[in-house]
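The values are calculated or read from the model by the stated rules, or taken from the named source; none is laboratory data. What you see is a predicted model; the values in this text were computed from it and never measured. Glycine gets a Cβ as well: all are built from the backbone with ideal geometry, and neighbour counts include every protein chain shown.
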Amino acid sequence: MSATNDPVTNSLLTPAQEAAYSKHGTALVNQLRVFLKTSRLYERDNKNFVHQKDSLYRLLNELLDEYGDLTIQVQSGYLFFCGIRIKTEYDIESNSGYLLYLFQKLHISGLMIDVGVSEEHLVTLAKVLNDAEDAGIADYQRLNQQFAQQRLDYIEVLPPVYETSENMDETRLRRQFAKRTFFSAINNLKSVVGNISANRTIDLTRTNRIVHSLVDQVVSDDRYLLELTALRAHDEYTYLHSTNVCVYSICLGSALQLTKTELANLGFAALFHDIGKTRLPLQILNKPTEFDDAEWELMRKHPTYGVLALAKTMPFDENSCRAMLVAFEHHFNLDGTGYPLVHFRRNLNLYSKIVAICDVFDALTSGRVYRRDPMSPEHVLRNMLEQAGHKFDPLLMKMFIKTVSVYPPGSLLLLDDQSLGLVIARNAHDLFHPIVKVIGNLDHLYEIAEEVDLSRRNEVGEFSRQIVRAVEPQELPVNLSTYVLQSFA
């Protein structure tokens, strides 16, 4: 029998067994998606159709021999194979992203396939699912009736999974853990910066422990840490900015499928990328107006100051050297421009290119140092995308947008009912319709915000609320951090 969604059962699996489930589940998702797509393009007697049908049938029989009945199911925005979560991408063009979209559109949570399924069943399954997607009015009850009418006896459609109180309790615990780790990172950074400023050798044991905790949470579910990056606190900007860049960098590295060790190394370097600014006068860092030429010249020295500060206070090991490299390179551009000025420049380190993207994104959305007036996250992403290829690595830029979504956490959106939605999370199956908190309208803000999933549709299949546009921070000059933290109470 297959593993169930019971965490007690799943906890009995060894890491090797979980890896096998993940590998087999990903293979099934990929082949099912290819088969559904092929069935739209070719008639059933076409050799391409026959090849993909045979491949899916062969794979199903292998997995049925191994596991018994098979399930592919969506829960909390992730795909599960036989109760084990598998790697899930959110781009609809990806195989897993398409199945997320399809199941959501059909108002089901997934499929169960049992021993006895035939090739003819697969042909019928493809037609039923594709027709239901095109019609746009399917739901669990209708599909269940169609499966019965078409005699799909060995394939079962699974009903939608709604959040139970147990799920909500787990979500609350995850949020609280993310909040505790996030603010621990900020407070620890303050302590480390104090020691660096005094040229004292620092103990990095706690720092490494916190970074590893951030990595574990991102790999498990990055939603809650990304939600916290929407916080804004001008008196804590330096520490909040560095922590945000650390979180963004780990999330982007995770999307690139770096190992946990590599993610920890990346997160450590990102946390200290701006450490050179501790060597600059506070009156420059906190200046409310634009820098003059002399101040800009001094500001451009902070990467060099960062290397010197880390070299004086950190142990001379590989991790510290990597942090020095990122501190030095994070303002270098892909086309050779940027600062500090050097006479010879080698190819940029991957971590430096990642941190460069995350640093600029957080800085421009916060409205400090490089641009005094903050811009909406959606506006910043559009501007950064235009600079991909000469300032930013285009592949990394694309992956970053997929990571934070088209409307990243912290985006303020005007909806078609004139309400304001503060984005708190990307939507697992639809990057263009995030999860928001409705905080009021342009004339009045609520004390308590309502959480709304903008991908939800009404009974006729239309989105319940549509996005009109992104709201620039200057249109509503208030700190929205209170609304972000309401979810973490």
Residue pairs meeting the criteria (Cβ under 7 Å; at least 6 apart or on separate chains; first closer than 16 Å to Leu240 by Cα and assigned by TED's automatic domain parsing to the domain that holds His302, in the range 347-360; second polar (S, T, N, Q) and part of a helix (DSSP H, G or I)): Val355/Ser249; Cys358/Ser249
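What residue, among those in the range 395-411 that are β-branched (Val, Ile, Thr) and farther than 17 Å from Gln466 by Cα, is surrounded by the most Cβ atoms within 10 Å (Cβ to Cβ)?
So in the range 395-411, the residues β-branched (Val, Ile, Thr) come out as 401, 403-404, 406.
From the residues that got through so far, the ones that are farther than 17 Å from Gln466 by Cα too are 401, 403-404.
Numbers: Ile401: 20, Thr403: 22, Val404: 26.
Across the range 395-411, the extreme among qualifying residues is Val404.
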The one condition in (1) surrounded by fewer than 23 Cβ atoms within 10 Å (Cβ to Cβ); (2) assigned to a strand (DSSP E or B) that Val436 fails to fulfil: (1)
Which numbered condition Lys391 misses (of (1) under 30 Å from Ser76 (Cα atoms); (2) among the charged types (D, E, K, R); (3) in contact (Cβ under 8 Å) with a residue 24 or more places away in the chain): (1)
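Restrict the check to the range 361-379 and report whether at least one residue is closer than 24 Å to Asp221 by Cα, touching a helix residue (DSSP H, G or I) at 6+ places or on another chain (Cβ under 9 Å), among the charged types (D, E, K, R) and touching a residue at least 12 places away in the same chain (Cβ under 8 Å). Before you say what the answer is, go through the steps one by one.
The initial filter retains those residues of the range 361-379 that are closer than 24 Å to Asp221 by Cα, namely 361-362, 365, 377-378.
Now drop any that are not touching a helix residue (DSSP H, G or I) at 6+ places or on another chain (Cβ under 9 Å), which leaves 361-362, 365, 377.
From what's left, among the charged types (D, E, K, R): 362.
Going one step further and asking which of them are touching a residue at least 12 places away in the same chain (Cβ under 8 Å), we end up with 362.
Checking the range 361-379: at least one residue is closer than 24 Å to Asp221 by Cα, touching a helix residue (DSSP H, G or I) at 6+ places or on another chain (Cβ under 9 Å), among the charged types (D, E, K, R) and touching a residue at least 12 places away in the same chain (Cβ under 8 Å).
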Answer from Asp216, Asp274, Asp221, Asp292 - the residue that is free of Cβ contacts under 8 Å to residues at least 40 places away in the same chain and acidic (Asp, Glu): Asp292
Helices (runs of 4 or more DSSP H) (entirely within the range 190-257) containing at least 2 residues that are surrounded by fewer than 20 Cβ atoms within 10 Å (Cβ to Cβ), over 23 Å from the mean Cα position of the chain (by Cα) and modelled with pLDDT of 90 or more: none
Among (1) within 20 Å of Ser376 (Cα to Cα); (2) in a strand (DSSP E or B); (3) modelled with pLDDT under 85, the one test that Ile448 misses: (1)
Test: residue in the range 97-105 that is touching a residue at least 60 places away in the same chain (Cβ under 8 Å), touching a Phe, Trp or Tyr at 6+ places or on another chain (Cβ under 7 Å) and farther than 18 Å from Leu431 by Cβ: no
Cys82, sole failed condition from (1) surrounded by fewer than 21 Cβ atoms within 10 Å (Cβ to Cβ); (2) within 11 Å of Gly25 (Cα to Cα): (1)
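Considering only residues that are of a type outside the set (A, V, I, L, M, F, W, C) and within 16 Å of Cys82 (Cβ to Cβ), which ones fall in the range 98-130?
The first filter runs over the range 98-130 and keeps only residues of a type outside the set (A, V, I, L, M, F, W, C), leaving 98, 101, 104-105, 107, 109-110, 114, 116, 118-121, 124, 127, 130.
Of everything in the range 98-130, those that are of a type outside the set (A, V, I, L, M, F, W, C) and within 16 Å of Cys82 (Cβ to Cβ) turn out to be Ser109, Gly110, Asp114.
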Criterion violated by Gly276 - all others in (1) within 28 Å of the chain's Cα centre (by Cα); (2) closer than 18 Å to Asp359 by Cα satisfied: (1)
In the range 450-464, residue surrounded by the most Cβ atoms within 10 Å (Cβ to Cβ) [restricted to those that are under 23 Å from the mean Cα position of the chain (by Cα) and of a type in the set (A, V, I, L, M)]: Leu454
Selected residue (only one of Ile113, Ile86, Ile92, Ile108 is of a type outside the set (Ser, Thr, Tyr) and touching a Gly at 6+ places or on another chain (Cβ under 6 Å)): Ile86
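In the set Arg44, Arg58, which member is part of a helix (DSSP H, G or I) and in the same structural domain as Gly83 (by TED's automatic domain parsing)?
On the way: Arg44 fails: part of a helix (DSSP H, G or I).
One residue alone meets the criteria, Arg58.
Residues in the range 451-489 that are in a loop (DSSP other than H, G, I, E, B), hydrophobic (A, V, I, L, M, F, W, C) and out of contact with any His (no Cβ under 6 Å at 6 or more places or on another chain): how many?
First, the residues of the range 451-489 that are in a loop (DSSP other than H, G, I, E, B): 454-456, 458-462, 464-466, 471-472, 476-480, 487-489.
Imposing the further condition that a residue be hydrophobic (A, V, I, L, M, F, W, C) reduces the set to 454, 460, 471, 476, 478, 480, 488-489.
Remaining after also requiring out of contact with any His (no Cβ under 6 Å at 6 or more places or on another chain): 460, 471, 476, 478, 480, 488-489.
Looking only at that region, the number is 7.
Report the residue count in the range 394-433 for those that are touching a residue at least 24 places away in the same chain (Cβ under 8 Å), not in a loop (DSSP other than H, G, I, E, B) and not small (Gly, Ala, Ser). Break it down stepwise before answering.
The first filter runs over the range 394-433 and keeps only residues touching a residue at least 24 places away in the same chain (Cβ under 8 Å), leaving 396-397, 399-400, 402-433.
From what is left, the residues that are not in a loop (DSSP other than H, G, I, E, B) are 396-397, 399-400, 402-404, 412-415, 420-425.
Retained after the next criterion (residues that are not small (Gly, Ala, Ser)): 396-397, 399-400, 402-404, 412-415, 420, 422-424.
Count: 15.
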Cross-chain or 6+ apart pairs with Cβ under 9 Å, the range 14-27 first and in contact (Cβ under 8 Å) with a residue 12 or more places away in the chain, then loosely packed, with under 15 Cβ neighbours inside 10 Å: Ser22/Lys87; His24/Glu62; His24/Glu66; Gly25/Lys87; Thr26/Lys87
